[in-house]
1. Check the range 23-39 and report whether any residue there is assigned to a loop (DSSP other than H, G, I, E, B), at pLDDT 90 or above, surrounded by fewer than 22 Cβ atoms within 10 Å (Cβ to Cβ) and not assigned by TED's automatic domain parsing to the domain that holds SER173.
2. Going by the conditions given, is VAL69 hydrophobic (A, V, I, L, M, F, W, C), crowded, with 20+ Cβ neighbours inside 10 Å, at pLDDT below 95 and under 25 Å from HIS348 (Cα atoms)?
3. Consider the range 359-372. How many of its residues are surrounded by fewer than 18 Cβ atoms within 10 Å (Cβ to Cβ) and either under 14 Å from VAL296 (Cβ atoms) or not basic (Lys, Arg) (or both)?
4. Can you pull out every residue in the range 123-167 that is out of contact with any Gly (no Cβ under 7 Å at 6 or more places or on another chain) and of a type in the set (D, E, K, R)?
5. Just give me the residues in the range 473-485 being touching a residue at least 12 places away in the same chain (Cβ under 8 Å) and of a type outside the set (Ser, Thr, Tyr), in sequence order.
6. Do we have any residue at all in the range 241-249 that's part of a helix (DSSP H, G or I), within 20 Å of VAL332 (Cα to Cα) and hydrophobic (A, V, I, L, M, F, W, C)?
7. Looking at GLU538, is it more than 40 Å from the chain's Cα centre (by Cα) and farther than 20 Å from TRP441 by Cα?
8. Tell me which of these ARG484 doesn't satisfy, since it passes every other one: (1) surrounded by fewer than 20 Cβ atoms within 10 Å (Cβ to Cβ); (2) within 18 Å of PHE451 (Cα to Cα); (3) basic (Lys, Arg).
Amino acid sequence: MDHGAENVMSGTTHGPVVQAGRIDEVHVHHHEPAPAIPRQLPPAPRLFAGRRRELADLDRWFAAEEALVAVVSGPGGVGKTSLALRWLHNARTRFPDGQLYVELGAHAPAGPATPSEVLEWFLQALGTPAGDIPADLPRKQAMFRTLTADRRLAVLLDDAVSAAQVRPLFPTSPHSAVLVTSRWRLSGLAVDGARFVDVESLDEAASLELLERALGPRVTSEPDAARELAHLCGGLPIALSVVGARLSTHPRRTLSGEVGTLRTERLASLELAGEVSVEAVFDLSYVELPPRHARVYRLCAVNPGTTFGIGAASAAAGEPPPDIAPVLADLVEKNLLSEVGDERYGYHDLLRAHARQHAEWHSRAERDDAARRVVEWYLDGAVAADRVVIPDRPRVGPRYAVVPPAFAGVGEALAWLEAERGNLVTATREAADRGRPDLAWQLAEAQWGLFLHRRHLTDWVATHEIGAEAAHRAGHAVAESRLRLQLAIGYVEQGRAEDASREVARALDLGQAAGDLASVATALRQLGRIARARGDVEGALGHYRRSLAVATELGRSRSVGLAHRRIGEALADLGRPDEAIAEFAEAEAILVELDQTVEVARLRSLMARPLLALGRVDEAARLLEAAHPVLAETGSPTYLAGVLLPLADVAERRDDPRAAESHLRAAAAAYARAGQPVPDRLRARLGDQPPG
């Protein structure tokens, strides 16, 4: 034997190794197999855009916590799996012991995978021979925990159906990460310390980025069409990918041509033959709903606007609010609805189209009944609010006789009207389009208090154009007359004097023909307003005095008070302050008796002007200080500016330029908060500086 020879082994071995030292001694060494390192993740998504906030959240959570469990939830096609894969591929180096992946089959024809089945797959992937895997779930779970206790593993549990399905699949390592994707929120995993990622639609920039990844420079060559495609796809990645795939295989097809197709066949056109269908993706969630949930899903989609509350959902379904609330919560859990505020809900744009389509297919009569109930619910709410905002205004809508005021004060009523403005405006249009002119004109009438206080001129004019025409179709001359008068005021606010004059003339003719003196009095006041806006103050004064005579003959105290107010404004314009103050005092006495709090506050703001002209600064200041909190509560920048500007005048008279500037800037800020342009007269007083 050569005693100088080395007797060593190198390299990695599997199984027993025989090593001979001397011929009469044999040592058998058994080496444990090297642990298997699974690499099961599907490839990273090629078409991926946006999601920076979600990826950053996952990075931050993983860095801060011992082990991460994150539920990535959202509606079908929103890109949950793509987000999870992108993060896991970005984080590969953090998990040197491998990645496990399973498609849990929440919607598979054969049913979802069981935890026992998945653990068997995972144990084999981690190197456990099939014959060594226990048969029962508890022992499989115990073996999985043992194998994963010290490993740095990433686990993607894709398309989960419940918390119970995924809970046994969590590794025990303090350095592991588990991402669960699901169309359900899986809120039950909160008790396991899970983090939640709600995946929403892509914004316009990310949608365009995704399209550009698919189509290259064609997107920048047709920017307007590309933006329209992003809008029509609702920022849904699966829809954008379908469009991108179809256009990439048809290089001569323009983006504008694709827009035209999507406009006319929205859901039907979002598919690739035999491959991917957005509608089919949504159907997977819909067909599994219990019948009552499916009905609520369909019928809530008839809501006229983009969001709705429990009351509107109750009206759509024809069920009491306490019964409908848990159904809405379940639909949110299933990501078929989104909770956009406190007890306020909305659909993804394409899901709404899907739900409306199923409402049409299931029963057109059921859908039409639901639409009528919803419109009537909004009408009743608007009537209840309008009665609080302007208590004694003459109305002609029949619901004012049966719907009581239902709000604690003007501020609360206006807040409801403001929150539901989009629904009210769209309901007005849809009622007219669906052959319900009676509901359309009543909705327009009921929104008057909102527009008078908060302006919203575009909506004001749109609803009243629809309402006036609807009243004409319904053969209600008095309603048409009054709506045309309110429309005329909107035209005046928009600077459309000729349109305003035309509407007032038509309203005056209608009112006289119908013997409606209230409309005649209002028409005369509006003629005065138009004349005053044109600089014909004497002509305006004449119209106002005739309006006062008609209102007095009619015996309507509120109309009499408003006529006196208008006369006072004209007299102030004409430099006749003593007469103006006398008219304002007449108006104040009437409106105080009628408990017209807001109108009294507006009147006192106007009275300050002739008082200042007479040097009665302290009287003017007292009136303005009393009016200020009332007008501030309305949230109307116009009303608030109406008291802040004369307060600035008072400050200037008292040689307090700092207070004057503060009032002016507060007025400008009120317009900015309301999203309205600052009037030229106010900018001029501020020296055309931006509002502070």
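1. Looking through the range 23-39, at least one residue is assigned to a loop (DSSP other than H, G, I, E, B), at pLDDT 90 or above, surrounded by fewer than 22 Cβ atoms within 10 Å (Cβ to Cβ) and not assigned by TED's automatic domain parsing to the domain that holds SER173.
2. Criteria not met by VAL69.
3. Going through the range 359-372 one residue at a time, the tally reaches 8.
4. Once the filter is applied, which keeps residues that are out of contact with any Gly (no Cβ under 7 Å at 6 or more places or on another chain) and of a type in the set (D, E, K, R), the range 123-167 yields ASP132, ASP136, ARG139, LYS140, ARG145, ASP150, ARG151, ARG152, ASP158, ARG167.
5. The answer is ARG473, ALA474, HIS476, ALA477, VAL478, ALA479, GLU480, ARG482, LEU483, ARG484, LEU485.
6. no
7. Yes: the conditions hold for GLU538.
8. If we test ARG484 against (1) surrounded by fewer than 20 Cβ atoms within 10 Å (Cβ to Cβ); (2) within 18 Å of PHE451 (Cα to Cα); (3) basic (Lys, Arg), just (1) comes out false.
The values are calculated or read from the model by the stated rules, or taken from the named source; none is laboratory data. Remember, predicted model here, so these are calculated numbers, not experimental data. Positions of Cβ are backbone-derived with ideal geometry, glycine not excepted, and every protein chain shown enters the neighbour counts.
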